[in-house]
1. Select from the range A:108-122 the residues that are assigned to a loop (DSSP other than H, G, I, E, B) and touching a residue at least 60 places away in the same chain (Cβ under 8 Å) and write down the one among them that is surrounded by the fewest Cβ atoms within 10 Å (Cβ to Cβ).
2. So, in the range B:140-164, of the ones that are outside any helix (DSSP H, G or I) and aliphatic (A, V, I, L, M), which residue ends up surrounded by the most Cβ atoms within 10 Å (Cβ to Cβ)?
3. Would you be able to tell me the number of residues in the range B:113-134 that are part of a loop (DSSP other than H, G, I, E, B), in contact (Cβ under 8 Å) with a residue 12 or more places away in the chain, at the interface with chain A (Cβ under 10 Å from one of its Cβ atoms) and over 18 Å from B:Glu171 (Cβ atoms)?
4. Only one of B:Ile91, B:Ile84 is in a helix (DSSP H, G or I), of a type outside the set (Lys, Arg), away from chain A (no Cβ under 13 Å) and more than 13 Å from B:Ile174 (Cα to Cα); which?
5. Report whether or not B:Ser137 is closer than 14 Å to B:Ser175 by Cβ and either within 14 Å of chain A (Cβ to nearest Cβ) or crowded, with 17+ Cβ neighbours inside 10 Å (or both).
6. Looking at (1) under 26 Å from A:Ile114 (Cβ atoms); (2) under 14 Å from the mean Cα position of the chain (by Cα), can you tell me which one A:Gly21 breaks?
7. Taking the range A:19-78, which residues are touching a Ser or Thr at 6+ places or on another chain (Cβ under 9 Å) and of a type in the set (Phe, Trp, Tyr)?
8. Filter the range A:125-138 for residues that are loosely packed, with under 14 Cβ neighbours inside 10 Å and more than 10 Å from every other protein chain (Cβ to nearest Cβ) and give the result.
Amino acid sequence: MSYYFAIIGTQDNPLFEYEFGTSKQGGDGQSRFTEQAHHLNQFVLHSSLDIVEEVQWMNGQLYMKVIDKFFTNYISCFMTGGNVKFLLLHQPPQTEEAIKNFFNEVYENYVKAIMSPFYKVNMEVRSPVFRQRVAAAGRKYL
Amino acid sequence: MASSKASRLGEETRMDKVNAELVVLTYGAMVAQLCKDFDSDYVKVNQQLDKMGYNIGLRLIEDYLAKSNTFKRCSNFRETAEMIAKVGFKIFLNITPTITNWTSDGKQFSLVFDENPFADFVELPDDGRAQDELWYSNILCGVLRGALEMVQMQVEAKFVSDVLRGNDTTEMRISLIRYIDDELPPEDD
């Protein structure tokens, strides 16, 4: 199973993206998306942004669980207090709990990354440290 | 003996504290702004930070002497180093850098910072130059230079490694250039 994770800024601008595969059940952590799927993933993920806006006020939680699906691709969303969206594209057999843990860990590291004085709001997150931490969170929970 | 006395002095001196994140963010914003103002000319940024620190140091020494009650002159440069690390850094930044790498003539030493309160959260810009040119905490060099100058010591202080650059340690090298003798005012005639 493969995952596509993206962070979308307050102007619906992409800040960060990362593709990885499952590390559970003997997975090697490599994504198995086909060549075409790379582009499709971005499209599917961004098309769910409208739904994010619909559901973001429904319950006061940051983690909004699965908000959209496109055939077998499910989109889970986590919105930070500063209106930055974390979106994860995944396939069905996945517990909400695991994704929640993944988001929480990424959130923690995201906050640290953007506290760097050289980071400006809505700027692409290029920190290699952050990328490693996202990868680590992916390995740990998904 | 002198060393434990210095540690005690550092522990006992009470200073008002501010939130660490406030310091981190304020200092960070300042460095980032300097980088912007100087168009990422990091050599100039380093110089500017050093100059700012120097101006802070010139005045900070007074505060240090008043708060720490250490009016006795240090008998040698080693003692000065102890006081800087265990009293000065302790009361102002609540850290105690390690003093190492003395030269045999006792005129140069290194301060190794296990933690640097300025550098929390910081990642240097990834423009390929900042990692080699910017000394992020360079203000500290200026502070030491300024403060020591006011107590008749001319020193040169500079960073030689920084964990922000990917080095294993953050190390500042301090060299005593000379003791400044009291200079008589120029004659009138």
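The values are calculated or read from the model by the stated rules, or taken from the named source; none is laboratory data. What you see is a predicted model; the values in this text were computed from it and never measured. So basically every Cβ, Gly included, is an ideal-geometry build from the backbone, and we count neighbours across all protein chains shown.
1. Pass one, the range A:108-122, residues assigned to a loop (DSSP other than H, G, I, E, B): A:115-122.
Narrowing further to those that are touching a residue at least 60 places away in the same chain (Cβ under 8 Å): A:121-122.
On the way: A:Val121: 10, A:Asn122: 12.
Once the filter is applied, the top-ranked residue is A:Val121.
2. So the first thing to find is which residues in the range B:140-164 are outside any helix (DSSP H, G or I), and the list is B:151-162.
Those still in the list that are aliphatic (A, V, I, L, M) too: B:151, B:153, B:155, B:157, B:160.
Numbers: B:Val151: 14, B:Met153: 19, B:Val155: 21, B:Ala157: 23, B:Val160: 13.
If we take residues in the range B:140-164 being outside any helix (DSSP H, G or I) and aliphatic (A, V, I, L, M), then B:Ala157 is surrounded by the most Cβ atoms within 10 Å (Cβ to Cβ).
3. Within the range B:113-134, residues that are part of a loop (DSSP other than H, G, I, E, B), in contact (Cβ under 8 Å) with a residue 12 or more places away in the chain, at the interface with chain A (Cβ under 10 Å from one of its Cβ atoms) and over 18 Å from B:Glu171 (Cβ atoms) number 5.
4. Working: B:Ile84 fails: more than 13 Å from B:Ile174 (Cα to Cα).
The unique qualifying residue is B:Ile91.
5. On the way: closer than 14 Å to B:Ser175 by Cβ: no; either within 14 Å of chain A (Cβ to nearest Cβ) or crowded, with 17+ Cβ neighbours inside 10 Å (or both): yes.
No: the conditions fail for B:Ser137.
6. (1)
7. Within the range A:19-78, A:Phe20, A:Phe33, A:Tyr63, A:Phe70 meet the criteria.
8. First, the residues of the range A:125-138 that are loosely packed, with under 14 Cβ neighbours inside 10 Å: A:128-129, A:132, A:136.
Listed by number, the residues that qualify are A:Gln132, A:Ala136.
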